[in-house]
Structure formats: structure tokens, C-alpha cells
Amino acid sequence: MCCILPQKAILFKSMSDLKQLISRLVDSIYPSAEALENTLSAGKKLRIYIGIDPTAPDLHLGHSTNFLLLKKFQEIGHKIILLVGDFTAAIGDPSGQTTDRRHLTREEVLANVKTYKDQIAKIVSFNGENPAEFRFNSEWLDKLKSQELIRLAANSTIQQLLERDMFQKRIKAGNPISVHEFLYPLFQGYDSVALNTDVEVGGTDQTFNMLIGRELVKRYLNKEKFVITTKLLINPKTGRKLMSKSEGNYISLQDKPNDIYGRAMALPDEVVFECFNLCTSLPEKEVEEIKKTKIMQAKKRLAFELVALYYSNKEAKDSQAEFERVFQKGGLLETKKVGSKTGEMAAIDFIVNLEIATSRSEARRLIEQGGVKINQEKVTDPNQLIKIGIGTIAQIGKLKAVEVISRKD
């Protein structure tokens, strides 16, 4: 666990806030917390980056932990780089995978990242005196020549790569390991070299890949690179990531205010204070006071803070008032009656047709998460054919429903 930065490191007005965030968000620092403290206390401006795997169009609360930390580094003058792994997505990160991951096409990647910058901009600034950069690793990885690839591959051994827990599990299960999966951490590591970065930030599930980058920076650039691993948002009862399709309760950074509020209220009780710690920058003393209240009050405060973070205090107040109005009478948060095409259509088309989702990708996410019911029947396949007629009701979670009342040409 990272220690809190000492008083000698406080060179900027908001460094004390950074100290608090590090103690809450950070799991480990390589080579050590002390080495990073010494660098910060020397006043050096650092180039800090995070890699984003563009496997879906939505960024979520699980990603926000990293963005909150990057925001604080940005505020005290360090250079922040958000790097989309569009090249590496075509390989597929093997981290945590028991089978070979599906490779994304460049078109799929570009479709997924279309709103990434807007989502991240809700926390990290791309404007002002110290704007963050938004980059793609195809800028340099597309240009590597055969000789350079061989040189890169020479920096690691098969034995090192086979030590990874997931590869050991695959071997025991008799599942294949493709050669290109060995290349993934080397390509990701080379990003640190190409960007000439001083620090990489990422979840603990990316530790191996980030440490490969640390070694490559030493060999290629002959300098130190720090690795900061952040805590993952885990459900303590299941031991699995909270913000995932399989676990449900997926809160996207581009969800609407009422949806963020309602989904936060639907979170399991046991994850509420982890969300306070990892997904908000609320002072620890205030969080400790909130722990003394009833869980319903704590959830309301969490929901309020999340809406305020991604929208505004006004939107948070409005969402809270609407939720309380509906919760007290036991109805749905939003009910509306609309015209729709009738007949047989795919579930994803029906959700888009009713304007429940703003895009097909959002509709797909809602359905695959298991949050959609049509006439009280749960639908999890976006392509499932549904018979649509007047009176058909589509329900999203527990808080919103839409009823078809007329045909729409």
C-alpha cells in the first residue's frame, strides 16, 4: 500500500488533496512510494499517462478512479496523456482472460472511442493552460518495421510471459495460447517509450503490462518510469469487478443524470463506501461522517455526488427530488407513452425506436446487462425478435418504462 506523501512534498496548494487521493485510490507504486515522493518534492513536471482499452463505447465508474487521480496530478501542473490502444485492441489484452480474446477491427475501435474524449472531459480538462492530450498508439505501432519488432521482442522471454497466472490456468485447462498474446504486453510497454513518459497509471489488473513498459523505458531511454496501480472497484461479496456486464449495476460516465442517480441507488449496500472512496473526491472525514448515517441516506449522498461530478449540483438536486418523489409513491422514475412501429422487430431496434437509448451501442449495452424487460419478460439478446403492438411495455431497470400507445409510420 502506498504511504501518504510527506509534508516536504507539498509544493502546490492542492498537493494535500493529492495525498488524500493517493492514500484512497492507490494500491502500489513501483519502484517505491519513496522514490516518487522524492521526484515530486524536487518539483519535476512529470509526463503521466493511462492506456484505455477501447472494447466498448462506454467508460464507467470503474474507470473513474484513474481519471480522478489524473485530474489531481493535472491540477498541480503535470502533463496528462490519455492513450487509446487502437492498435493493441486488434490484438486483444490477454489479462484475466481464460480464452483468446476477440480481436476488434479498426472500424469497431473508432466507433467505440467516438465519445471517449467527451466522457473523460467530465473529469480531466483538455483545455486551459495545461490541457491533457488524447492520443492513439497506432501513431507509432503501425510504423514499427520488422527489425524494430525483433528488437522489441528480444526484451522479454517466453518463461517470463508464461509465469502469468492466466496463462498457467489456460495450460492446466488445456486452452490454447496464441503467439500474438505474448506480444500484447510488449506493444503496450512500447507505448511508454514512444510517449517518453515518466509515470503510467492503471488498475491492478494491468500491473504486468505496465511493469513490462517500465523495463522497456529503462532499456530504450535509460531513465526511470514510475508505475502507479490503482484499486479496482470490487464487490466484496462476489470478489468480482462491480462495473461489468456480468455483475450488473453498470454506471456509464455518459448516462443521463436521473439514470446515474437511480443506478447508484440500486447498488448493493456492501459497495457504497468503496464507491465513495474510489469514485468521488469527497474528503475522507466527510465520508466517515456519512458512514454513521443509515444506508439509504448514504446511497442518496453517493448518488448526489456522482450526478454533481458528471453534470452539476442543480442536476443532482433535480435527480434527487425526482427519485424521492417516485420512491415515496412506489412508482417508476419515468413513465411515458409513445407511438412506435409495430409488428416483429429486434429488441435493439425496439429500444432505439422508443428513444430509450440514444444510440444502438447504448441500447445493446442496456439489453446485454440484463436491465431490459419487454412485457415483463427479460431480454438479454439484442437481436431477439419481439412482437410489438399497442400496449407493449419496455421497462429499463426498476425505474423507467415506456408503453406503446399508437402506431408510428
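The values are calculated or read from the model by the stated rules, or taken from the named source; none is laboratory data. Keep in mind that this is a model prediction, so the values were computed, not measured. Positions of Cβ are backbone-derived with ideal geometry, glycine not excepted, and every protein chain shown enters the neighbour counts.
Quick one: in the stretch 114-141, which of the residues that are of a type in the set (D, E, K, R) and at pLDDT 95 or above is nearest to Tyr190 (Cα to Cα)? The residue in question is Glu139. Taken over the stretch 167-221, the criterion of being touching a Pro at 6+ places or on another chain (Cβ under 8 Å) and aromatic (Phe, Trp, Tyr) is satisfied by Phe167, Tyr184, Phe208.
Only residues that are touching a Lys or Arg at 6+ places or on another chain (Cβ under 7 Å) and either crowded, with 18+ Cβ neighbours inside 10 Å or in a helix (DSSP H, G or I) (or both) were counted in the stretch 107-133, giving 2. The set of residues in the stretch 169-185 being without any contact (Cβ under 8 Å) to a residue 24 or more places away in the chain and part of a helix (DSSP H, G or I) consists of Ile171, Lys172, Val179.
Do the conditions hold for Leu232, that is, is it under 22 Å from the mean Cα position of the chain (by Cα) and touching a residue at least 24 places away in the same chain (Cβ under 8 Å)? Talk me through it step by step, then tell me what you get.
Values: under 22 Å from the mean Cα position of the chain (by Cα): yes; touching a residue at least 24 places away in the same chain (Cβ under 8 Å): yes.
Criteria met by Leu232.
Go through the stretch 186-204 residue by residue and tally those that are closer than 20 Å to Ala90 by Cβ and either surrounded by fewer than 23 Cβ atoms within 10 Å (Cβ to Cβ) or touching a residue at least 40 places away in the same chain (Cβ under 8 Å) (or both).
Residues of the stretch 186-204 that are closer than 20 Å to Ala90 by Cβ, as a first pass: 186-195, 202.
Okay, now just the ones that are also either surrounded by fewer than 23 Cβ atoms within 10 Å (Cβ to Cβ) or touching a residue at least 40 places away in the same chain (Cβ under 8 Å) (or both), so 186-188, 190-195, 202.
Total meeting the criteria: 10.
Name the residue, out of Asn137, Asn112, Asn155, that is touching a Phe, Trp or Tyr at 6+ places or on another chain (Cβ under 9 Å) and closer than 18 Å to Ile52 by Cβ. If you could, list the steps in order and put the result at the bottom.
Values: Asn112 fails: touching a Phe, Trp or Tyr at 6+ places or on another chain (Cβ under 9 Å); Asn155 fails: closer than 18 Å to Ile52 by Cβ.
Going through Asn137, Asn112, Asn155 in turn, the sole match is Asn137.
Does Gln147 qualify as being touching a strand residue (DSSP E or B) at 6+ places or on another chain (Cβ under 9 Å) and either part of a helix (DSSP H, G or I) or assigned by TED's automatic domain parsing to the domain that holds Ala33 (or both)?
Working: touching a strand residue (DSSP E or B) at 6+ places or on another chain (Cβ under 9 Å): no; either part of a helix (DSSP H, G or I) or assigned by TED's automatic domain parsing to the domain that holds Ala33 (or both): yes.
The answer is no for Gln147.
If you go through the stretch 107-166 and keep only what is in contact with a Pro (Cβ under 8 Å, 6 or more places away or on another chain) and under 25 Å from Leu70 (Cβ atoms), you end up with Val109, Ala111, Asn112, Val113, Lys114, Thr115, Tyr116, Ser125.
Within the stretch 269-328, the residues that satisfy the criterion of being part of a helix (DSSP H, G or I) and small (Gly, Ala, Ser) are Ala298, Ala303, Ala308, Ala316, Ser319, Ala321.
How many residues, within the stretch 50-88, are touching a Ser or Thr at 6+ places or on another chain (Cβ under 6 Å) and either in a helix (DSSP H, G or I) or among the polar types (S, T, N, Q) (or both)?
Filtering the stretch 50-88 down to residues touching a Ser or Thr at 6+ places or on another chain (Cβ under 6 Å) leaves 57-58, 60, 65-66, 68, 75-76, 86-87.
Right, trim to either in a helix (DSSP H, G or I) or among the polar types (S, T, N, Q) (or both) and you get 65-66, 68, 75.
The number of residues fulfilling the criteria is 4.
The residues of the stretch 265-281 that are of a type in the set (A, V, I, L, M, F, W, C) and at pLDDT 90 or above, listed by number, are Val271, Val272, Phe273, Cys275, Phe276, Leu278, Cys279.
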